[in-house]
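So the structure is just underneath, and the comments pick up after that.
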Amino acid sequence: MPASSQVTRPPIRVAASAPLELMWLIHWSGASHSHPDFAELEQLRQRHGPELSRVWADHPQYASEMLVLAHRSGTMLDLDLKRFFSRLDASIDDTSPVPSLLSESPAERELTGERLARLRSDPALRKRYSDVLQAPWSDVQDDWEGAGRAAVAAEAQKWSRALESGTPYRQLLRVQHIWAPRPETDTFADAAEAEGNLVMTPSWFGGHISVLEFDGLVYVGRGIQIGEPSLKQVATEVSSSIKALADPTRLAILLRLAREPASVTEIARQFALSQPTVSAHVQVLREAGLLEEKTVGRSAQLSASQDGLHRMFAHSEELLIRAFRP
């Protein structure tokens, strides 16, 4: 290959998506608590959350089955939901295999398949499902048509120009890792970029980051209404996140449990501490998501959570890295 030649990557597509906007509305509506970044959507949670929980008692915030239906109907990049709803029955009756959904956990992939099967077999559920999707969209339609759609279209143009000038796509997402607790998301998103199968989706109702994988096609995006946290917010969140490791004795207990599970009594004996003192340390570690607990006989065996430790540091790293950007 001549020295002057360069390998060019296929372009990344940038487009808004009404189905992804609906996914976020379902996410906010099904939440068990209000979200400070979207206080104005609290009415959606109060109005539609109870019915959403009745339709999907298992994980009401989860909406990947709806995105599979949008994918099947060819409406993922539509700017409204007219075609999506007009094709909903045909999409539900489609018996083609569920996409790979590498962006979801194994349990969530199984849940998606179960929901699609239930919708195919239960006409009454299908009707309630259609209603529960249309209700929050109807509530926000004026906002979407009056401000949101134009705003995400303008942001899409901005992202496209930045990509053409060489800006890395993750910089536009404002992340170092797409989803820090799940490093495999970086792998399949980078592969999709190399193959021309990456779609970036600025979102009006979206949260900090979204990622969805369909058989090698990857959608990644972020909400454009959420700004960068202040330096004080970053400092508070990071210090709060890692405070469980600030005490040397507590850290030593965690390291001990990383080697081998133990009960509170065994830890107290090994460290020459009272059981109440150990229990207090254990409670802090548990609340930080750093412990796993299993009942063995009549005692609880504690062990350190490697995943919990990774999540803690990955989240803190992500917040800190952002501060170095101009």
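The values are calculated or read from the model by the stated rules, or taken from the named source; none is laboratory data. Quick caveat, the model's predicted, so the values are computed rather than measured. Methodologically, a virtual Cβ is constructed for each residue, glycine included, from the backbone with ideal geometry; neighbour enumeration extends over all protein chains shown. Quick note on the areas: whole protein, heavy atoms, side chains included, nothing else; ligands and nucleic acids left out. Shrake-Rupley method; radii C 1.70, N 1.55, O 1.52, S 1.80 Å.
About the Cα centre of segment 120-229, how large is the charge dipole given +1 on each Lys and Arg Cβ and -1 on each Asp and Glu Cβ? Please answer in debye to the nearest 20.
160 debye
For the chain, find the longest principal axis of its Cα atoms and tell me its angle to the long axis of helix 306-322, 0 to 90°, nearest 10.
That works out to roughly 60 degrees.
I'd like to know which of W137, F85, A107 lies farthest towards the positive end of the charge dipole of segment 81-143, counting +1 on Cβ of Lys and Arg and -1 on Cβ of Asp and Glu.
Towards the positive end, the residue furthest out is F85.
What relative contact order, as a whole-number percentage, does segment 1-105 give when Cα pairs under 8 Å and 6 or more residues apart are counted?
Computed value for segment 1-105: 30 percent relative contact order.
Once you order the gyration tensor axes a ≥ b ≥ c over the Cα atoms, which shape class does segment 1-117 get: rounded for a/c under 1.5, otherwise prolate or oblate by comparing a/b with b/c?
prolate
Using only Cα atoms and rounding to the nearest 10 degrees, what angle (0 to 90) does helix 42-55 make with the longest principal axis of the chain?
The angle comes out at about 90 degrees.
Pop out the carbon and sulfur fraction of the accessible area of the chain as a percent, whole number, probe 1.4 Å.
53 percent
Based on Cβ point charges of +1 for Lys and Arg and -1 for Asp and Glu, what charge dipole magnitude is obtained for segment 5-143 about its Cα centre, in debye rounded to the nearest 20?
Its charge dipole is roughly 420 debye.
Relative contact order (percent) for the chain, with alpha-carbon contacts under 8 angstrom and 6 or more residues of separation?
18 percent
So if the hydrodynamic radius of the chain is defined as the Kirkwood radius over C-alpha pairs, what does Stokes-Einstein give as its diffusion coefficient at 37 °C and 0.692 mPa s, in µm² per second?
In µm²/s, the coefficient is 147.
Hey, what's the chain come to in accessible area per residue, 1.4 Å probe, Å²?
Spelled out: the 1.4 Å probe surface of the chain, per residue, equals 52 Å².
Which order do the peptides 62-68, 209-215, 45-51 come out in when sorted by mean C-beta neighbours inside 10 angstrom, highest first?
So the peptides 62-68, 209-215, 45-51, ranked by packing, come out 62-68, 209-215, 45-51.
Could you give the dipole magnitude of the chain about its Cα centre, charging the beta-carbon of Lys and Arg +1 and that of Asp and Glu -1, in debye to the nearest 20?
520 debye
May I ask you to order 78-85, 112-119, 255-262 by the average number of other C-beta atoms within 10 Å around their residues, highest value first?
Going by the mean number of other Cβ atoms within 10 Å, highest first, we get 112-119, 78-85, 255-262.
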